[in-house]
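Working notes, beginning with the structure itself.
The values are calculated or read from the model by the stated rules, or taken from the named source; none is laboratory data. Keep in mind the model is a prediction, meaning the values are calculated, not measured. Cβ sites come from the backbone with ideal geometry, for glycine too, and all protein chains shown count toward neighbours. Note: areas computed on protein heavy atoms with side chains; ligands, DNA, RNA excluded. Shrake-Rupley method; radii C 1.70, N 1.55, O 1.52, S 1.80 Å.
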Amino acid sequence: MTLRIHNTLTGRVEPFTPIDAGAVRMYVCGITPYDICHVGHARCYVVFDIVRRVLRANGYKVRFVQNFTDVDDKIIARAQERGIKPSDLARENIDDFFNKMDALGIERADVYPKVTEHIPDILVLIKKLVDEGVAYRLGGDVYFSVKQFPPYGKLSKRPLDELQSGARVDVNKEKKDPLDFALWKETKPDEPAEVSWNSPWGKGRPGWHIECSVMSMKHLGVHFDLHGGGLDLIFPHHENEIAQSEAATHKPFANVWMHNGFVTVNREKMSKSLGNFFSLTEVFAKYHPSVVRYMLLTVHYRAPLDFSSDILEQSRQTLSGLRDSIARANRVLQKQEFGVDESDQPQADVAASADALTGEFQEALRDDFNTPEALGVLHQLIKLLEKQFNTNNVSRGSVRYVLKKIRLASEILGLDLFSFMQGLFIPAEVTQLAHEREAARQRKDWKESDRLRADISAHGYVVEDTAQGPRLLPKA
């Protein structure tokens, strides 16, 4: 079935067709590293990690770019409060980001561009917009003129007068229009030199929106497949990205726009101002990151997620139950001497049921990345696995076959269900080498036994000689 994605630009769930067959170019707005990561960050980046994994599972080669806005008013202000350089604060919180996202099982992007590394490119794009007559200088600042881009508002789908009344835009009474936004900001007297660059308009630094246009187009091209971020970025950030990018290139910017829902607490948006803010540091102190990831998958990415200790505890218990079932399967398979015996085939009805459920799992994720439904199918696969334990003669082939389907599903969801298991899916050639080594030992051919042990090691495994017989294990 065709992959279908909700496109904020059109307001519909649509069949996905990439610009280049078999390849997807994808950009996600990254953090402004003025503080440590919180649960809202976890939600956004787990969502787009799933998007990437599902695209790849459907045969697409994905180029994934995610930026760091490493120069910003908040970074400058926080650094001044702490008496450190803005660059040091940004570096500290970028390190925290990688630490937390790695713990959540989020695969790293192909490129992590930083604003401070792209100043020359930003200056080129601003100059082009000025030359095109869609941007104007105001003292040492440069502003984009919204009225010069008639489609403005096509992403947020609100009339300009409504956007003006609730806009988070730069305050400057001399602007031609309240919605006009800064492309370049003049250096303030109290700002450190490291956040100031020379430009045709004087010393200054980039506005927020121009950065993402430059970094996405530099690393993905002026027209790419998918742009993502949190729901709060639709306006003004993403709306402004579209305006300045398409005004400069006269081409479409991103084909598909995806936005994940808010994290709430008691139905109110999580925020520091409300005092309902939870950092990942404090959450991870109580719950393993895999529990947090599971929790995030229980709600559709476009819906609000009401965060609480109750939902975390439910997720912990559920995840523990999944692992317990897999551990039981492991004990069944450990009765084998070495690992995989490919002659041990699954029962036909079990294989058919597992294949059907795998199809349902894949279809759930193709339908706008429906992780709650996919988790439901994963639990059905676990029930099918457990059913095998209730028979008089357990079929190891059936157990292994269902486990392989569960492992496939868990890998797409990024859930750590199998890392505690050793030697469950040992390649057949390694098993054969172990059999040959045991035969050499039985005939006391120690030279051949040592050679085969070395060969097994070269494949990434070790063989342990125990009282119950040899065991194969992955190398640590």
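Given (1) surrounded by fewer than 19 Cβ atoms within 10 Å (Cβ to Cβ); (2) under 25 Å from P304 (Cβ atoms), where does I84 come up short, assuming only one miss?
Among (1) surrounded by fewer than 19 Cβ atoms within 10 Å (Cβ to Cβ); (2) under 25 Å from P304 (Cβ atoms), I84 violates only (2).
For V399, all conditions in the list (1) assigned to a helix (DSSP H, G or I); (2) closer than 21 Å to Y45 by Cβ; (3) of a type in the set (A, V, I, L, M, F, W, C); (4) at pLDDT below 95 hold save one; what is the number of the exception?
(2)
Any residue in region 356-383 that is buried (at least 18 other Cβ atoms within 10 Å of the Cβ) sitting within a Cβ distance under 8 Å of a residue that is among the charged types (D, E, K, R)? List the pairs, counting only those 6 or more apart or interchain.
L357/K405; T358/K405; A364/E373; R366/R4; D368/R4; D368/R302; V377/E360; L381/K405
Of the conditions (1) modelled with pLDDT under 95; (2) buried (at least 20 other Cβ atoms within 10 Å of the Cβ), V195 satisfies every one except a single condition; which number is it?
Evaluating V195 over (1) modelled with pLDDT under 95; (2) buried (at least 20 other Cβ atoms within 10 Å of the Cβ) leaves (1) as the failure.
Which residues, counting only those in region 45-62, are in contact (Cβ under 8 Å) with a residue 60 or more places away in the chain and open to solvent by less than 10 Å² (accessible area, probe 1.4 Å)?
V46, F48, D49, I50, V51, V54
Can you go through Y136, Y143 and tell me which one is among the hydroxyl-bearing types (S, T, Y), touching a helix residue (DSSP H, G or I) at 6+ places or on another chain (Cβ under 9 Å) and either surrounded by 15 or more Cβ atoms within 10 Å (Cβ to Cβ) or in a helix (DSSP H, G or I) (or both)?
On the way: Y143 fails: touching a helix residue (DSSP H, G or I) at 6+ places or on another chain (Cβ under 9 Å).
Selected residue: Y136, the only one of Y136, Y143 that is among the hydroxyl-bearing types (S, T, Y), touching a helix residue (DSSP H, G or I) at 6+ places or on another chain (Cβ under 9 Å) and either surrounded by 15 or more Cβ atoms within 10 Å (Cβ to Cβ) or in a helix (DSSP H, G or I) (or both).
Can you confirm whether V292 is within 30 Å of K404 (Cβ to Cβ) and β-branched (V, I, T)? Steps first, answer last, please.
Details: within 30 Å of K404 (Cβ to Cβ): yes; β-branched (V, I, T): yes.
Judged against the criteria, V292 is a match.
Quick one: is L274 closer than 30 Å to H6 by Cα and aliphatic (A, V, I, L, M)? Before you say what the answer is, go through the steps one by one.
Details: closer than 30 Å to H6 by Cα: no; aliphatic (A, V, I, L, M): yes.
Spelling it out, it is not the case that L274 is closer than 30 Å to H6 by Cα and aliphatic (A, V, I, L, M).
If S395 satisfies all but one of (1) over 21 Å from the mean Cα position of the chain (by Cα); (2) open to solvent by less than 10 Å² (accessible area, probe 1.4 Å), what's the number of the condition it fails?
All conditions are met except number (2).
Which condition number does K185 fail, the rest of (1) more than 30 Å from K61 (Cα to Cα); (2) under 31 Å from the mean Cα position of the chain (by Cα) being met?
Of the numbered conditions (1) more than 30 Å from K61 (Cα to Cα); (2) under 31 Å from the mean Cα position of the chain (by Cα), the odd one out for K185 is (2).
Just to check your reading of the model, which residue among E436, E386 is more than 22 Å from Y60 (Cα to Cα) and touching a residue at least 60 places away in the same chain (Cβ under 8 Å)?
Working: E436 fails: touching a residue at least 60 places away in the same chain (Cβ under 8 Å).
Residue meeting the stated conditions: E386.
Could you say which residue among V28, V71 is under 25 Å from P206 (Cβ atoms), over 15 Å from the mean Cα position of the chain (by Cα) and crowded, with 20+ Cβ neighbours inside 10 Å? First the steps, then the outcome.
Details: V28 fails: over 15 Å from the mean Cα position of the chain (by Cα).
After applying the criteria, what remains is V71.
Which of the residues that make up region 65-93 are in contact with a strand residue (DSSP E or B) (Cβ under 6 Å, 6 or more places away or on another chain) and of a type in the set (A, V, I, L, M, F, W, C)? Steps first, please.
Filtering region 65-93 down to residues in contact with a strand residue (DSSP E or B) (Cβ under 6 Å, 6 or more places away or on another chain) leaves 65-66, 68, 70-71.
Scanning region 65-93 gives V65, F68, V71.
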